[in-house]
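See structure below.
The values are calculated or read from the model by the stated rules, or taken from the named source; none is laboratory data. The shown structure was predicted, so the numbers you read here are calculated from the model rather than taken from an experiment. Cβ placement follows ideal geometry from the backbone for every residue including glycine, while neighbour counts extend to all protein chains displayed. To get the accessible areas, we keep the full protein, side chains included, count just its heavy atoms, and leave off ligands, DNA and RNA. Shrake-Rupley method; radii C 1.70, N 1.55, O 1.52, S 1.80 Å.
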Amino acid sequence: QVQLVESGGGLVQAGGSLRLSCAASGRPIASYAMGWFRQAPGKEREFVATMDWSGGRTYYADSVKGRFTISRDNTKNTVYLQMNSLKPEDTAIYYCARGSTAWTIQPTDFGSWGQGTQVTVSS
């Protein structure tokens with residue numbers, strides 16, 4: 001069983017940047033796609049970004065494309081989400097999750113959720 005712990009959230013002004021981290025323990029993540037999701041108050045959890053096992057393929061939600069970058073360091077069992085040009089509508093709890101295969105863009109293929117980290121963007 002893999003455990004995921006997100007960190008790096010906080011309060012930032014619109015236009016600012018944050019870098020989220022997701023540290024995995026219990027089992028290596030190197031063979032699996034990893035993804036980031038977010039849930040804003042009163043809304044359903046939504047997909048943000050995914051990266052394949054090697055870091056060679058990525059896929060982003062249209063709402064974050066060009067502003068967010070997902071990356072991973074399999075030697076550190078860690079996944080990152082660099083968020084630039086943040087907007088108030090990016091305010092949410094951000095979660096990382098492990099895919100069930102080496103590459104997937106299907107949100108239903110992700111599990112082993114972390115506890116999330118709060119990102120708040122002020123206008």
Spin-label pair T69/S54, simplified geometry with 7 Å Cα→Cβ offset, distance in nm: 2.0 nm
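Grab the Cα-Cα distance for W103 and V2, subtract it from 0.36 nm times how many residues apart they are, and report the gain in nm with one decimal. Before the final figure, lay out each step's value.
Details: separation 101, 0.36 × 101 = 36.36 nm, distance 1.74 nm.
That works out to 34.6 nm of additional length.
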Once amide H atoms are placed 1.01 Å from N in the peptide plane, what residues at a sequence separation of 5 or more from V48, or on another chain, have their amide H within under 5 Å of its amide H? W36, F37, R38
Starting from the Cα of Q39, step 7 Å along the direction of its Cβ; do the same at D62; then give the gap between the two resulting points in nm. 2.5 nm
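Mind checking the per residue accessible area of the chain for me, 1.4 Å probe, whole number of Å²? Could you put the intermediate results ahead of the total?
Details: 6120 Å² over 123 residues.
I get 50 Å² per residue for the chain.
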